[in-house]
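Single-structure report; data block below.
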Amino acid sequence: MLLYALAIFLSAFLLFEVQPIIAKMILPWFGGSSAVWSTCMLFFQVVLLAGYLYAHWLHEKLAARRQALVHIALLAVSLAALPILPNPAWKTAEVGHPSLRILALLSLTVGLPYFLLSSTSPLLQAWYARQRRGALPYRLFALSNFASMMALLTYPLLVEPRLPARMQALAWSAAYACFAALCGVTAWRNSKLPGQAPPVTADDAADAEAVAPSAPSWTVRFLWLGLAATASVLLLAVTTHLTQDVAAIPFLWILPLSVYLLSFIICFEAPRAYRRAIFLPLLAAALAFMAWRLWPYHGRMEMRSIIAAFALSLFVCCMVCHGELVRLKPHPRFLTGFYVTVALGGAAGGLFVGLFAPNVFHAYYEFPIGLALAAALAFLVLARELRRSSAARRRLATGALAAVLGGYLLFLGLIMREMVRGYLVVARNFYGQLRVADEGDPLIDQDACRKLVHGVINHGEQMRREEYRRLPVTYFCPPSGIGRAMGALEGAPRRIGILGLGCGTLAAYGRPGDTLRIYEINPLVLEIAQRDFTYLRDTPAHVEVAMGDGRLVLESEAAQQFDLLVMDAFSGDSVPVHLITREAFLTYFRHLKPNGILAVNITNSYLDLEPVMERAANAFGKVALAYHFVPADDDLLCFSCSWALIVDRAFLAAHPELQNDAKRLRPERNFRIWTDDFSNLLGILK
């Protein structure tokens, strides 16, 4: 038992530990978008399914000795993939939809090791059930999920703050080699033990077994698939909602995934903890709450309360889905087929949210669709139970449930309609959803404007009244940090580089003779800025647009000799970390004139980026100034914002006015400079 438990625990731990390791390493290569994480999760779900299919085939088709030989051979071959260091040749500055490129990279880098790790839990459980009379293999599944959650929680708390990414990959590779040896020993020992038939005894309260168990019906298999898929869709939909529409904290995806795994652990380790009388009413409340929060006209809630409520609601939904899975689990004879179906449901949910939805839907329709699936499955579960009731009671209860379900589905339909109603543009691609909306009447309202929104973050506005239309507004007003940088360079024609287009507001600072070179990764942003806003058309400056990830494009270009380089390429409030590492700043300073200014938008609701700016400036012998601008209450044009200007000491001495209202950043605590190999977002939480 100890050997099986150790192999399963280590495999599950490595299975989830490699996900943030490899995703963090390739994140800078594909624009730093949160969609890179979603694509990685899709890959892991699909390979998990492949691993379960392999375990099912191996267990069903081969004798014990051949199972061991095949598995040991694959374990040996997988060692050739170590260490799991991705090849930089995959790095690309191209725009578009890099999902297939990411999937190919992951397949070659970690595909076979991850495939074998995925197959370990169902395969070893099947071996254990065959060799042990009266064994309870489903408890090993709970152990597997516990190890997965341990890996998920220890990475941001213990691993990421202490080890560079390369060391993380090397340490994981060494641990995988140990796992391969342990799993190989387990396989060989299993092949030498004679199999034992299941006991011919009365039903046990925990796990009923029969002499000749019948195969699960297709109805039951359909429920396995639907329950697993629904939990997967809700996991990913809640993660997207929390990271884009509530609090754009890049690592907030850990909370929903931990909740998801916790429900697995509870349901498979202590199945009696799931009680329909408790969780089905809670499910109704959870579904109602999440639908209400998706309604555009819902009331306000404090951010932490929203996050806690969504986590609790997701937990209830997953408890119902996984609790019903446990109630429907088959005899251990069909264990691997059960796990294949569950993995297929998880992969189907991942494909729907990660690949289908961004390419087909204009809005985040997958969330209300996930809620509809959960409600429909709850109806099916209750309808199956009502078959035991009298005909009259069954008809009455079924009719009432159908009416409630119909009303709920109608409300979800209204939510989906409201997601796009009232916007001039609603568009979505790999990099997220963009919306354009008009507010106010320019004939009446002084503050009438057109805004570009990403999630709930305003990515730029243009005033609609003629007297304000060409002015820099929102985060870019003249009293802000970026306005002061522009003012310090008044006079001679300027060459200005801009990472992140938005709606083109910074073009309002353009003067005749100026050159604005803009780097933008999202083709939808360029299309909207040129079609729905006029900043790029109105500016007298010469405008150049370079499509692609700003840092990667700059790395491939000759020195641009910018007077000012502006870094404003954040997605929502999340930070593309690869744009603020030591290596990134080295690239920026290569393109700046000796007396040039690097301006970084550090406006963020959740992260304190000042230490990152100070360490980077100090590493290159520069000075970092922070400007925190708060407009007057009656200011119609400006937003509160924070900017950091990094300048040469001699330039600062020649422009002492830059120090007005500025905070000179100094090392206030022991803070390690961020590099491509090391960063720690937890260390800068406000």
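With the structure loaded, tell me whether R590 is in the same structural domain as S480 (by TED's automatic domain parsing), under 29 Å from L27 (Cβ atoms), touching a residue at least 24 places away in the same chain (Cβ under 8 Å) and over 27 Å from the mean Cα position of the chain (by Cα) or whether it fails that test.
yes
Those residues that are aromatic (F, W, Y), under 33 Å from the mean Cα position of the chain (by Cα) and under 20 Å from C641 (Cα atoms), I need them from region 465-522; list them, please.
If the condition is that a residue be aromatic (F, W, Y), under 33 Å from the mean Cα position of the chain (by Cα) and under 20 Å from C641 (Cα atoms), then Y475, F476 are the ones that fit.
Looking at A644, A632, which one is assigned by TED's automatic domain parsing to the domain that holds H578 and not in a loop (DSSP other than H, G, I, E, B)?
From the options A644, A632, the qualifying one is A644.
Would you check if there is a residue in region 356-369 being over 24 Å from F533 (Cβ atoms), at pLDDT 90 or above, among the acidic types (D, E) and assigned to a helix (DSSP H, G or I)?
Within region 356-369 (the criterion being over 24 Å from F533 (Cβ atoms), at pLDDT 90 or above, among the acidic types (D, E) and assigned to a helix (DSSP H, G or I)), the answer is yes, since at least one residue qualifies.
Might you let me know whether region 15-30 holds any residue that is touching a strand residue (DSSP E or B) at 6+ places or on another chain (Cβ under 8 Å), aliphatic (A, V, I, L, M), farther than 26 Å from L143 by Cα and surrounded by 21 or more Cβ atoms within 10 Å (Cβ to Cβ)?
no
Out of (1) of a type in the set (A, V, I, L, M, F, W, C); (2) surrounded by 22 or more Cβ atoms within 10 Å (Cβ to Cβ); (3) in a strand (DSSP E or B), what's the single condition that is false for M613?
(3)
Could you identify the single residue in G406, G413 that is farther than 30 Å from E527 by Cα and either part of a helix (DSSP H, G or I) or over 31 Å from the mean Cα position of the chain (by Cα) (or both)?
G406
With in a helix (DSSP H, G or I), of a type outside the set (V, I, T) and surrounded by fewer than 23 Cβ atoms within 10 Å (Cβ to Cβ) as the only criterion, which of A378, A372 stands out?
A372
Each row is one residue, and each column tells you yes or no for (1) aliphatic (A, V, I, L, M); (2) part of a loop (DSSP other than H, G, I, E, B).
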| position | (1), (2) |
| --- | --- |
| G487 | no, no |
| G497 | no, no |
| C503 | no, yes |
| A508 | yes, no |
| P512 | no, yes |
| V545 | yes, no |
| R551 | no, no |
| E555 | no, no |
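Condition first: part of a helix (DSSP H, G or I), outside the structural domain of V525 (by TED's automatic domain parsing), in contact (Cβ under 8 Å) with a residue 40 or more places away in the chain and surrounded by 14 or more Cβ atoms within 10 Å (Cβ to Cβ). Can you find one or more residues in region 382-396 that meet it?
Yes, region 382-396 contains at least one residue that is part of a helix (DSSP H, G or I), outside the structural domain of V525 (by TED's automatic domain parsing), in contact (Cβ under 8 Å) with a residue 40 or more places away in the chain and surrounded by 14 or more Cβ atoms within 10 Å (Cβ to Cβ).
The values are calculated or read from the model by the stated rules, or taken from the named source; none is laboratory data. Treat the numbers as computed from the prediction; the structure is a model and nothing was measured. Cβ atoms come from the backbone with ideal geometry, glycine included; neighbour counts cover every protein chain shown.
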